[in-house]
Amino acid sequence: MSSTDFRRHRRLRRTPGIRKMVRETHLHKEDLIYPIFVKEGNNIRNEVASMPGVYQLSLDLLKREIEEVVNLGIESVILFGVPDEKDEVGSCAYDQNGIVQQATRQVKKDHPDLTVIADTCLCQFTDHGHCGIIENGEVLNDETLELLVKTAVSQAEAGADIIAPSNMMDGFVAAIRHGLDEAGYEDIPVMSYAVKYASAFYGPFRDAAHSSPAFGDRKTYQMDPANRLEALREAESDVEEGADFLIVKPALSYLDIIRDVRENHNLPVVAYNVSGEYSMIKAASLNGWIDEKAVVMEMLTSMKRAGADLILTYFSKDVAKWLDEK
């Protein structure tokens, strides 16, 4: 049979050098955003039971963690707060001495070049675990926006480089953008959780952040996993309202949505490799069922290939080390 009768695609896979030469998608340290859970108190390093290798850290031990992150070459972190006290309106979220605000000031003082992203939500701070004000068992949209603005402004005042609102209230980007501008923070970008599904993959995060709803669920404000066109409407609204980044959460089961958002918008797209995705791989690895490094690198590369510019992942430190090995 003549070689002209079919195409020989294997020619470009013949050696490691050729495979690297034609590789289309690359993962870099600059792509990584590392999530950190900061807890009030001292000398606290609580491993999250459902997330091996992930810890709640008090401010004194946060210093050591940030040093490691910087030394590994990771350039961005996102801070989640675990407060000691909660109330019905999540007042610690917008307290100038709240745990996220304290952590932000500390990190920016010690490492001014590290990009600090503040998660802007109320669920970790409310005693009912929902992302807004509750009245008669319902989450109030517009009243919640006022508290989200206060939270975003307090985080910007503390030195956050980027505000990342994750609440999925209607109009949250417009409200926060207006509030930041009024407070003199026109240059602070909004990294919107533009497409956030009501996903079962969030379970371990709620262990880490102590943010499980005390009643009901979040399906009236987070999206139905079955919906694709709704994601485009949500992203379009956030773009119109002034978002600077668009997050898709979760990532692994929503690669099609990442691609849709990438093809319809020219803003940076962020994939959130969520806690359940992390924990499944960790559990399988600890049981010896998979090669953790190979699976993680394949998974994150698939997110980049789908169209993500950045990846928010609990594997950030491991990936940075693996990239150094290469």
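The values are calculated or read from the model by the stated rules, or taken from the named source; none is laboratory data. A quick note: this is a predicted structure, and the numbers were derived from the prediction, not measured. All Cβ positions, glycine included, derive from the backbone under ideal geometry; neighbour counts span all protein chains shown. Accessible surface areas use protein heavy atoms only, side chains included; no ligands, DNA or RNA. Shrake-Rupley method; radii C 1.70, N 1.55, O 1.52, S 1.80 Å.
So how much accessible area does LYS29 have, in Å² to the nearest 10, using a 1.4 Å probe?
40 Å²
Which translational diffusion coefficient, to the nearest whole µm²/s, is obtained for the chain from the Stokes-Einstein equation, given a Kirkwood hydrodynamic radius over C-alpha pairs, 25 °C and 0.890 mPa s?
Using the Kirkwood radius from Cα pairs, D works out to 120 µm²/s.
In debye, nearest 20, what is the charge dipole magnitude of segment 249-304 about its Cα centre with +1 on Lys and Arg Cβ and -1 on Asp and Glu Cβ, if you could check?
Working: 6 positive and 7 negative charges, 29 e Å.
Approximately 140 debye in magnitude.
To two decimal places, what compactness ratio does segment 214-326 give when its Cα radius of gyration is scaled by 2.2 N^0.38 Å? Spell out each step's value before the answer.
Working: Rg = 15.6 Å, N = 113, 2.2 N^0.38 = 13.3 Å.
For segment 214-326, the normalised Cα radius of gyration comes out at 1.18.
Just name one of LEU286, VAL89, MET21: the one whose Cα is farthest towards the positive end of the charge dipole of the chain (beta-carbon charges, Lys/Arg +1, Asp/Glu -1).
MET21
In whole Hz and in residue order, list the ³J(HN,Hα) couplings for segment 256-273 that follow from phi through the Karplus curve 6.51 cos²θ - 1.76 cosθ + 1.60, θ = phi - 60°; x for Gly and Pro.
5, 6, 4, 5, 4, 5, 4, 6, 9, 9, 9, 7, x, 10, 10, 9, 9, 6
Seen from all sides and averaged, what is the projected area of the convex hull of the Cα atoms in segment 138-185, in nm²?
Numbers: hull surface 12.4 nm².
Mean projected area of the Cα convex hull: 3.1 nm².
Over all directions, what mean area does the Cα convex hull of segment 99-256 project, stated in square nanometres?
Details: hull surface 38.1 nm².
The orientation-averaged projected area of the Cα hull of segment 99-256 comes to 9.5 nm².
Among bridges DSSP assigns within segment 1-140, what percent are antiparallel (round to 5)? It would help to have the intermediate numbers written out before the result.
Numbers: 6 of 19 bridges.
So the antiparallel bridges amount to about 30 percent of the total.
Given springs between every Cα pair under 10 Å in a Gaussian network model of the chain, which of MET191, MET297, MET21 has the largest fluctuation?
Evaluated over the chain, the most mobile residue of the options is MET21.
Could you list, in their original order, any pairs among LYS63/LYS293; LYS29/LYS326; LYS86/LYS317; LYS63/LYS321; LYS29/LYS282; LYS63/LYS249 whose Cα atoms are separated by more than 23 Å?
On the way: LYS63/LYS293 27 Å; LYS29/LYS326 12 Å; LYS86/LYS317 31 Å; LYS63/LYS321 20 Å; LYS29/LYS282 21 Å; LYS63/LYS249 28 Å.
Distance filter (> 23 Å) returns LYS63/LYS293; LYS86/LYS317; LYS63/LYS249.
Translational diffusion coefficient, Stokes-Einstein: compute it for segment 263-326 using the Kirkwood radius over C-alpha pairs as Rh, at 20 °C and 1.002 mPa s, and state it as an integer in µm² s⁻¹. Write down the numbers at each step before the final one.
Numbers: Rh = 12.6 Å.
Calculated translational D: 169 µm²/s.
Find the accessible area per residue for the chain; the probe is 1.4 Å, ligands and nucleic acids are left out, and the unit is Å². Each step should come with its number before you reach the end.
Values: 15000 Å² over 326 residues.
Normalised by residue count, the accessible surface of the chain is 46 Å².
Charges at C-beta only: +1 for Lys and Arg, -1 for Asp and Glu. How large is the resulting dipole of the chain about its Cα centre, in Debye rounded to 20?
On the way: 36 positive and 53 negative charges, 494 e Å.
Result for the chain is approximately 2380 debye, rounded to the nearest 20.
For the chain, with the dipole built from +1 on Lys and Arg beta-carbon atoms and -1 on Asp and Glu ones, taken about the Cα centre, which of TYR254, GLY203, HIS130 lies farthest toward the positive end?
TYR254
In whole Hz and in residue order, list the ³J(HN,Hα) couplings for segment 41-48 that follow from phi through the Karplus curve 6.51 cos²θ - 1.76 cosθ + 1.60, θ = phi - 60°; x for Gly and Pro.
x, 10, 6, 10, 9, 8, 6, 6
Projected area of segment 1-97, taken from the Cα convex hull and averaged over every viewing direction, in nm²? If you can, show how the numbers build up before the last one.
Values: hull surface 48.5 nm².
In nm², the orientation-averaged hull projection of segment 1-97 is 12.1.
Sort largest first and round to whole Å: the equivalent ellipsoid semi-axes of segment 40-157, each the square root of five times a Cα gyration tensor eigenvalue. It would help to have the intermediate numbers written out before the result.
Values: eigenvalues 147, 55, 28 Å².
Semi-axis lengths for segment 40-157 are 27, 17, 12 Å.
For segment 229-269, max minus min Cα coordinate along each principal axis, in Å, sorted largest first?
Result for segment 229-269: principal-axis Cα extents of 27, 19, 16 Å.
Run lengths n ≥ 4 of DSSP H only: what is the helix-derived mean residue ellipticity at 222 nm for the chain, with -39500 (n - 2.57) per run over all residues, to the nearest 500? Show your work: numbers first, answer last.
Values: 11 runs with 127 residues, N = 326.
Value at 222 nm, helices only: -12000 deg cm²/dmol.
Starting at the first residue of segment 144-157, write each ³J(HN,Hα) from the Karplus equation 6.51 cos²θ - 1.76 cosθ + 1.60 with θ = phi - 60°, in whole Hz, x for Gly and Pro.
So the Karplus estimates, Gly and Pro as x, are 5, 4, 4, 6, 5, 5, 4, 5, 4, 5, 5, 6, 5, 4 Hz.
Where the only charges are on Cβ atoms (+1 Lys, Arg; -1 Asp, Glu), what is the dipole of segment 1-129 about its Cα centre, to the nearest 20 debye? The partial results should precede the final answer.
On the way: 18 positive and 20 negative charges, 336 e Å.
Rounded to the nearest 20 debye, it is 1620 debye.
What Kirkwood hydrodynamic radius, in Å, does segment 1-46 give when the mean of 1/r is taken over all pairs of distinct Cα atoms and then inverted?
On the way: mean 1/r = 0.0629 Å⁻¹.
Across segment 1-46, the inverse of the average 1/r is 15.9 Å.
Binning at 10 Å from 0, report for segment 111-192 what percent of all alpha-carbon pair distances ends up in each bin.
19, 51, 24, 5, 0
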